[in-house]
Amino acid sequence: MVAPKGTKEKKHEVAYGPKPEIHHRFAEPQKMPNILVSLFFTGLVVVPFIGLLGGWAYLGVNADKLQMEPVGSVVFMGLIAAYITLAISYWIGVKLFPTLTYALVLALPTYLTGQYALSKRIEKRI
């Protein structure tokens, strides 16, 4: 058979065979902020907390009332400390979903012990 004039012949390429090498480009690492900027914002977080502790010391925090119902109050305060620790660990590098899981696990005991501690405290007042 003869092809009409003006048509090009198709070249038969091998479909299966070695392909050209693929060169991957990885993303550039993110630039970290200057250490002074990091320290400034760390100070912005820490200074109010130190001010809170200083204010409590100046006003004379009455921790004697915690011993009215030691079990409920101490467990409740421990669970609040666990929440603070969880927030710090999230800030340091724990991912969001494990943090939410731990917070969910802490939620019910915190609610129950807080309810118990406050109800005992109200009973002592009446």
Self-check item: Phi-based couplings in Hz for the range 27-42 (Karplus 6.51, -1.76, 1.60; Gly and Pro marked x)
Solution: 5, 5, x, 5, 7, 8, x, 4, 4, 5, 5, 4, 5, 4, 6, 5
Quiz item: Which of the peptides 96-107, 72-83, 22-33 is most tightly packed, and how do the rest follow, judged by the mean count of other Cβ atoms within 10 Å per residue?
Solution: 72-83, 96-107, 22-33
Quiz prompt | Long-range HN-HN contacts of Val94 with modeled amide H, under 5 Å | solution = none
Quiz prompt | Accessible area (Å², 1.4 Å probe, nearest 10) - Ile92 | solution = 130 Å²
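The values are calculated or read from the model by the stated rules, or taken from the named source; none is laboratory data. All of these numbers come straight from a predicted model, not from anything done at the bench. Reconstructed Cβ throughout: ideal geometry from the backbone, glycine too, with neighbour counts over all protein chains shown. The protein model used for the area step is the full one, side chains on, heavy atoms only, and it has no ligands, DNA or RNA in it. Shrake-Rupley method; radii C 1.70, N 1.55, O 1.52, S 1.80 Å.
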